[in-house]
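None of the figures in this text is laboratory data; all of them are computed from the coordinates on show. Being a predicted model, the structure only gives us computed values, none of them experimental. Here the Cβ positions follow ideal geometry from the backbone for every residue, glycine too, while neighbour counts run over all protein chains shown.
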Amino acid sequence: MNRIKFSIVLDHKQDVFREIEIDENDSLMLFHQIIVHSFQLSEGEMAAFYFTDDDWSQEDEIPLVSMDDSITEMSQIKVKDVFKSPDSKMLYINDFLLLWRFMITVEQITENEKGQQAKEVLKFGEMPLDAPSIQFVSENEDNEDEDGEENDLFYDGDLNEFEEFNEY
């Protein structure tokens, strides 16, 4: 059995990171709980792990709780099932309203003696009071659609068009 040491970095202007060791056979649910505890996040918030490409773009989700029977939850997946090699990485998002976002990379994989519990091995920085503001930017910033026509994202019609409608 192997033990994996992870570097977990908060996506924020402040430098905040942790190194956590966990057995490869532990669940992502346990990994989630250790991250919540280590970074002093609010318990009970929704969270998810995300596969990512080399540029840290979010891809497929592994949710804390699935609303769809075809999607596997954290509790059903072992750490070794998603972190298969030393260059594996994932995103972890906690609290879908505040969007605390963390980048997770594998630091080291070592053989493990049975009986070791998951633990925080390095702590740097304190959690900021406010989560970073995430801006969702369209690739097409000039508000034009594929045909070159302006694309309004907001309703620009007459909001009072039913003002004289008397039959309710």
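Is it true that some residue in segment 89-104 is farther than 26 Å from Glu126 by Cα and either of a type in the set (Asp, Glu) or outside any loop (DSSP other than H, G, I, E, B) (or both)? Scanning segment 89-104, I find no residue that is farther than 26 Å from Glu126 by Cα and either of a type in the set (Asp, Glu) or outside any loop (DSSP other than H, G, I, E, B) (or both), so the answer is no.
With respect to Asp68, determine if the residue is closer than 17 Å to Thr105 by Cα, not aromatic (Phe, Trp, Tyr) and not in a strand (DSSP E or B). Judged against the criteria, Asp68 is not a match. Answer yes if at least one residue in segment 68-82 is within 24 Å of Leu122 (Cα to Cα), basic (Lys, Arg) and within 16 Å of the chain's Cα centre (by Cα), and no otherwise. No, every residue in segment 68-82 fails to be within 24 Å of Leu122 (Cα to Cα), basic (Lys, Arg) and within 16 Å of the chain's Cα centre (by Cα).
Just one of (1) surrounded by 15 or more Cβ atoms within 10 Å (Cβ to Cβ); (2) in a strand (DSSP E or B); (3) of a type outside the set (Asp, Glu) fails for Lys80. It is (2).
Restricting attention to segment 4-54, the residues that are surrounded by fewer than 19 Cβ atoms within 10 Å (Cβ to Cβ) and either among the basic types (Lys, Arg) or assigned to a strand (DSSP E or B) (or both) total 10.
Scanning segment 110-129 for residues that are on the phi < 0 side of the Ramachandran plot and part of a loop (DSSP other than H, G, I, E, B) returns Asn112, Glu113, Lys114, Gln116, Gln117, Ala118, Glu126, Met127, Pro128, Leu129.
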